[in-house]
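The values are calculated or read from the model by the stated rules, or taken from the named source; none is laboratory data. Since the model is a prediction, treat every value here as computed from it, not as a measurement. Methodologically, a virtual Cβ is constructed for each residue, glycine included, from the backbone with ideal geometry; neighbour enumeration extends over all protein chains shown. Side chains are part of the model used for accessible areas, which takes the heavy atoms of the whole protein and leaves out ligands, DNA and RNA. Shrake-Rupley method; radii C 1.70, N 1.55, O 1.52, S 1.80 Å.
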Protein chains: 2
Amino acid sequence: MGWGDLGAFGEPSKETPNLDQMASEGMLFLDFYAANPLCSPSRAALLTGRLPVRNGFYTTNAHARNAYTPQDIVGGIPDSELLLPELLKKAGYINKIIGKWHLGHRPQFHPLKHGFDEWFGSPNCHFGPFDNRALPNIPVYRDREMIGRYYEDFKIDLKTGEANLTQIYLQEALDFISKQQASQQPFFLYWAIDATHAPVYASKQFLGTSQRGLYGDAVREIDDSVGKILKHLQKLGISKNTFVFFTSDNGAALISAPKQGGSNGRFLCGKQTTFEGGMREPAIAWWPGHIPAGGVSHQLGSVMDLFTTSLSLAGLQPPGDRQIDGIDLLPAILQGKLIDRPIFYYRGNEMMAVRVGLYKAHYWTWSNSWEEYSKGIDFCPGQNVSGVTTHTQEEHTTLPLLFHLGRDPGEKYPLSFASEEYQQAMERISVIVQQHKATMVPGVPQLNVCDKAVMNWSPPGCEKLGKCLKAPKSDPKKCFWPH
Amino acid sequence: MGWGDLGAFGEPSKETPNLDQMASEGMLFLDFYAANPLCSPSRAALLTGRLPVRNGFYTTNAHARNAYTPQDIVGGIPDSELLLPELLKKAGYINKIIGKWHLGHRPQFHPLKHGFDEWFGSPNCHFGPFDNRALPNIPVYRDREMIGRYYEDFKIDLKTGEANLTQIYLQEALDFISKQQASQQPFFLYWAIDATHAPVYASKQFLGTSQRGLYGDAVREIDDSVGKILKHLQKLGISKNTFVFFTSDNGAALISAPKQGGSNGRFLCGKQTTFEGGMREPAIAWWPGHIPAGGVSHQLGSVMDLFTTSLSLAGLQPPGDRQIDGIDLLPAILQGKLIDRPIFYYRGNEMMAVRVGLYKAHYWTWSNSWEEYSKGIDFCPGQNVSGVTTHTQEEHTTLPLLFHLGRDPGEKYPLSFASEEYQQAMERISVIVQQHKATMVPGVPQLNVCDKAVMNWSPPGCEKLGKCLKAPKSDPKKCFWPH
């Protein structure tokens, strides 16, 4: 989902009454960021509180390449990383993930090996293979074992866009919440739905209901589901004791537009890029009786902050033996404070840009290669800012491109290098970047090696279902990441 | 102002608490349009309920050119046009305009000759001449006589952007409302502020207060002033008897960005164009006790509807002897009805596009000429949609470019001509356009002739002030309208 996909964020169809109400009862974050312009690394960062370049969710196969976890990826979340649910366990929390995991599909990487008590969902994206029979369809797990596969047992009609997965995920969420409430146990629910990821899908009852087409149908179903989850918390009488945060893992994928692509509002470009459209996210915090209703925050936030903030809510400290990038947002949420902190925009192994206050400095600019662009792959459709949305990797490390995101949220007007404003802002930013780079210890890159043999041929539980497939011989290769 | 300039419409700085509150107490219109992508024609349409091509506020000097009323314009609002205040008089209304008139600056065109009882403001824009002494500065009038001139008596500091005009306009408004309330007379106030028009200005107390720079300062001052006007109505106990509508006369002028330019959200291009960014406007209706709080309407609306709606509120019928383009919005506002009606997008003498439901068909596309563009005049900065934001006037009358504004609000993806959707939509649209063209009787164009002799050399009242200047000899010429 993109920043501009909710009514509360100016989507002109205004079709998200539940999320808009969540915002009016809670707090809207206008300057909240994904940790990466791509799904897997952003999710790994959310659960570890650490930048992908630290937790290993990046590649060094080529410079500044987005990488993720397709089913031929060999790597996954390292055991050395401490995930939020692992830590929450110490405070007695029961942890469940519903939906897309995306931190590695091989058994050693599974959610239940990394602190989750329950899992319903899939390890990889539901895009491809599209039931082509030459490759294994993505499995759907309940806890440790697969219970079926996409397209075979969990239908997604690629023609109509019909799939009832969000309804299944919703029911799983409501059941889990009821169960925890009944047993009086604190819980952490990571509701990682994926209906707005291409191939976008919605249940029959939502198909054709949006002005925005199929993508809007999916957003409406998510909106409706969030409303039902919040009402469920209220009905059970635990809303004042439950912190809820809504956000997304990367900007809307404009390459899927118009039918399957969302909106990044007036921000530049989308998913895959380190422009605002690729990483600024809709974000709402909700906690009736604690968060003042109708609040708006300009706190620079990150999905990684949800790690630290959740620990804080559970009365826990973040691990002291490693660099944590997420900060505790509670002072911003509960007391309206503004905490001074930078946002780093990474693409693979490169820090492309940094935001400090209202200034954003681009040290590298790139949308994608001319080669890809000439094939019609366009991360910035209809947008073209000369020298900014470049199709070659442009280095600006000696003289970064500087934007003022208040006057110029669309990153169209770089400040003059000769201006006093540029000099003053860059003085401050340079110190922050130098310190960041000097203390950066990159993790072992997990997204370098691909091997068809590791695909979901025979996931745990496949025997019971008669769904085991024969894996080919191992043939590890460097993964190819085109952008 | 542009569609995206208010927090309620997704402006990421969210600095318009008063207008946002006005929206939450009233009704937000998401699909509301100016009658033209330029000021004068849009304002003439607002006050006559008729398209500029009917009321004469257009030019035939060249094809599809935007024209307005600079101070060398010979024409103005024809006596044959019936203006809203003229009609409201019949129901006992006292009418006042505060701010920019823009319907002709020669005495026969003045507000008090066309139904207004009071006027405080200027006949032309405050941009140029910038006190260059070779041309008369724009006069400021109280009622029938000038009381001073811009830059001389009403300061606008072009360097700092400081001017206290909005405060003066605010005080005029509050005083007028108090006076009418005291005398128990119904009133129509046309509060036509212009602080967000370049050169953008704000009072000292607002300078530097916005994240968005000077433009944001101006928006904040307008927002604050609207809040004060609404509170004044409430304090006087007449809010339940006063209908208030907030909107703008054209999209944000992106050529003035980033320092002096506003936001059209995710819509394409800006002022001067017939893309959504040029004509879709922020719009809020407010009438406590009558309009349901927090309402949102997708009614296709136009500033021309304010003419018909205002008459309806006053119990009057629109004139029956002429074509009126504005419709009565009260069923949409009070009963949430959706009235089926098209929106026509004109540029000068040409119908460039039409919106029917969620479809918009472009019969002509043009941003501006290559010649202008090469000089740096860009109405679509950072945006470029191939075959859409064209720099030559492109005719599509036989096969219009069709967009679905729900799935594609940014007008980036024309529908395939071969698609069934295109065929079906165009069938319906063609009938509407044919009927529109067949019954169109254009008015006498008022914006064809320019003459330096008609400038504000010696406005009424100049003698008393010693501010009369000597006019040059009359030398009428065709006005030159470059875009």
Built amide H within the under 5 Å cut-off of A:Val296, gap 5+: A:Leu28
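Using only alpha carbons, build the gyration tensor for chain A and give me the equivalent ellipsoid semi-axes, biggest first, whole Å.
Numbers: eigenvalues 203, 147, 107 Å².
Those come to 32, 27, 23 Å.
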Can you give me the distance in nm between label points at B:Ile432 and B:Ala453, each placed 7 Å from the Cα along the Cα-to-Cβ direction? 4.7
Looking down the axis that turns B into A, which residue of B has the closest beta carbon, and how many Å out? B:Gly10, 1
Under the Cβ-under-4.7 Å rule, which cysteines of the protein assembly as shown stay unpaired? A:Cys39, A:Cys125, B:Cys39, B:Cys125
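Go through segment A:372-452 and name the chymotrypsin sites (Phe, Trp or Tyr not before Pro) that are in a DSSP coil and have 10 or fewer other Cβ atoms within 10 Å of their Cβ.
Details: sites: A:Tyr373, A:Phe379, A:Phe403, A:Phe417, A:Tyr422; in loops: A:Phe379, A:Phe417.
Here no loop site has a sparse enough neighbourhood.
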Alpha carbon centroid spacing (whole Å) that separates segment A:114-137 from segment A:447-467: 10
Amide H to amide H, which residues 5 or more places from A:Phe187 or on other chains are under 5 Å from it, using H placed in the peptide plane? A:Ile94
Taking a ≥ b ≥ c as the square roots of the eigenvalues of the Cα gyration tensor, with a/c under 1.5 meaning rounded and otherwise prolate when a/b exceeds b/c and oblate if not, segment B:364-405 is oblate
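Quick check: from the Cα gyration tensor, does the protein assembly as shown come out rounded (a/c under 1.5), prolate or oblate?
Working: a/c = 1.92, a/b = 1.90, b/c = 1.01.
Prolate, because a/c is 1.5 or more and a/b exceeds b/c.
Run the numbers on segment B:380-447 and let me know its relative contact order in percent, using alpha-carbon pairs under 8 Å that are six or more apart. Could you put the intermediate results ahead of the total?
Values: 22 pairs, mean separation 11.8, N = 68.
Over segment B:380-447, the number comes to 17 percent.
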Extent of segment A:280-393 along each principal axis, from alpha carbon coordinates, in Å, largest to smallest? 52, 38, 24
Once phi for every residue in segment A:197-212 is put through the Karplus expression 6.51 cos²θ - 1.76 cosθ + 1.60 (θ = phi - 60°), the whole-Hz ³J(HN,Hα) values, with Gly and Pro written as x, are 8, 4, x, 5, 9, 8, 6, 3, 5, 9, 4, x, 8, 9, 5, 8
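So how strong a dipole does segment B:7-341 carry about its Cα centre when Lys and Arg Cβ are +1 and Asp and Glu Cβ are -1, to the nearest 20 debye? Show your work: numbers first, answer last.
Working: 32 positive and 33 negative charges, 14 e Å.
Once rounded to the nearest 20, the dipole reads 60 debye.
When DSSP assigns beta bridges and you keep just the ones with both residues in the protein assembly as shown, what percent turn out antiparallel, to the nearest 5?
Working: 63 of 95 bridges.
If we restrict to bridges inside the protein assembly as shown, about 65 percent are antiparallel.
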How large is ³J(HN,Hα) for each residue in segment A:372-388, as worked out from phi by the Karplus curve 6.51 cos²θ - 1.76 cosθ + 1.60 (θ = phi - 60°), to whole Hz, x for Gly and Pro? 5, 4, 5, 7, x, 7, 10, 8, 9, x, x, 10, 7, 10, 3, x, 10
Antiparallel bridges, percent of DSSP beta bridges restricted to chain B (to nearest 5): 65
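Hey, what D do you get for segment A:88-184 in µm²/s if you plug the Kirkwood alpha-carbon radius into Stokes-Einstein at 10 °C and 1.306 mPa s? Please report the intermediate quantities before stating the final value.
Details: Rh = 14.5 Å.
The estimated diffusion coefficient comes to 110 µm²/s.
Go ahead and estimate [θ] at 222 nm for the protein assembly as shown from helices alone: -39,500 (n - 2.57) per DSSP H run with n ≥ 4, summed, over the residue count, rounded to 500. Working shown, then result.
Numbers: 24 runs with 232 residues, N = 966.
It lands at -7000 deg cm²/dmol.
Based on DSSP loop calls and a cut-off of at most 12 other Cβ atoms within 10 Å, the longest stretch of chain A free of exposed trypsin sites (Lys or Arg not before Pro) is what? Before the final figure, lay out the partial values.
On the way: sites that count: A:Lys90, A:Arg133, A:Lys159, A:Lys337, A:Lys375, A:Lys470, A:Lys473.
By the stated rule (loop sites, at most 12 other Cβ atoms within 10 Å), A:160-336.
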A:Gly56 neighbourhood, Cβ < 10 Å, K/R = +1, D/E = -1, net charge +1
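Among B:His290, B:His110, what's the order by accessible area (1.4 angstrom probe), most exposed first?
On the way: B:His290 80, B:His110 10 Å².
Greatest to least solvent exposure: B:His290, B:His110.
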Below 8 Å between Cα atoms, with a sequence gap of 6+, how large is the relative contact order for chain A in percent? 24
Could you go through segment A:336-349 in sequence order and give the Karplus-derived ³J(HN,Hα) for each residue, using 6.51 cos²θ - 1.76 cosθ + 1.60 with θ = phi - 60°, rounded to whole Hz, and x for Gly and Pro? x, 6, 10, 9, 6, 7, x, 10, 9, 10, 9, 10, x, 8
